[in-house]
Amino acid sequence: MKILVIGGNGTIGRRVSERLTEKHEVIIAGRNSGDVKVDFSDSNSMQSMFETIGKVDAIVAIAGEAKWDKFSNLSEEDFYIGIKSKLMGQVNVVRIGKDYLNQEGSITLSTGILADDPVDMTTSAAMVNGAIHSFVKAVALELENGIRINVVCSDLVEDSYEKYKDYFPGNTPVPMRKIVDGYIKSVEGKITGRIIRIMA
Ligand SMILES: NC(=O)c1ccc[n+]([C@@H]2O[C@H](COP(=O)([O-])OP(=O)(O)OC[C@H]3O[C@@H](n4cnc5c(N)ncnc54)[C@H](OP(=O)(O)O)[C@@H]3O)[C@@H](O)[C@H]2O)c1
């Protein structure tokens, strides 16, 4: 398969890309690095990226940000950071990307444990993660041409443990291999409309 991985040079993305490369042709997209540059929170940037690369068999998005802070500190604009990047970025992957997928192609999005098990300072991040889950379940009913969609919802990965451990007291991090397997399940399997939860 020809597979586009948006965020394919990130902490999780580069490990998913490495695994996919064993069997498939992988195109890595990112803001600052990769085979093709894209800001997936910008529809025009996304459209021109797809015009450049043409049709693919699978799209994987492993990117997106949201602002972490105490609810009392978050302004309306702060909430829009997560809505524009992590939420609408991934909605745009589907909205625009579906027209560049071959028959029976697939889309795999990314969220995290915060959707179900939020910690302090994550009202914005938890909110957009939950919204993506609802979006995936709904849009799976409407995608045509046999296109599948799933979202991989990961716990904190071992590779990011040092960076985030103080935010997740008592959390057991999950091995990277388990998370990568979640993406493989979505891309190479037949499931659709699923939230693939990868927990320790
Ligand atoms: N790490 C974890 O433990 C964990 C657990 C659960 C969920 N997640 C979620 O999984 C996703 C990836 O996490 P990560 O730790 O791998 O992040 P990361 O190391 O920061 O990597 C993110 C990648 O996405 C790209 N990217 C970011 N914003 C982009 C945009 N607007 N357009 C295009 N590319 C963009 C970055 O490229 P540039 O550097 O070129 O901008 C980078 O390659 C995030 O949404 C994160 O919240 C992570």
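Numerical summary
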item	result
Furthest towards positive pole of dipole, CYS153, MET121, ALA140, structure part the range 121-173, Cβ charges	ALA140
Relative contact order (%) - criterion: Cα under 8 Å, at least six apart; region: the range 45-144	37 percent
Packing-based exposure ordering (other Cβ within 10 Å, fewest first) of LYS23, LYS2	LYS23, LYS2
Dipole moment magnitude, nearest 20 debye, the range 117-200 about Cα centre, only Lys, Arg, Asp, Glu C-beta charged	320 debye
The chain, helix-only ellipticity at 222 nm - DSSP H runs n ≥ 4, -39,500 (n - 2.57), divided by all residues, nearest 500	-10500 deg cm²/dmol
Over the chain, relative contact order from alpha-carbon pairs under 8 Å, at least 6 apart, %	19 percent
Hits among lysines - C-alpha to C-alpha of LYS137 under 26 Å, sequence gap 8 or more where chains match	LYS2, LYS55, LYS67, LYS84, LYS86, LYS98, LYS178, LYS185, LYS190
Summed residue charge, Cβ within 13 Å of ILE27's Cβ, Lys/Arg positive, Asp/Glu negative	0
Residues whose placed amide H lies under 5 Å from that of CYS153, excluding near-sequence neighbours	THR111, ILE196, ARG197, ILE198
Within the range 120-200, GluC sites (Glu not before Pro) in DSSP loop having at most 12 other beta-carbon neighbours inside 10 Å	GLU142, GLU144
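Read the figures in this text as sums done on the coordinates, not as results from a lab. Worth saying up front: this structure is predicted, and the values here are computed from it rather than measured. Virtual Cβ from ideal backbone geometry, glycine too; neighbours counted across all protein chains shown.
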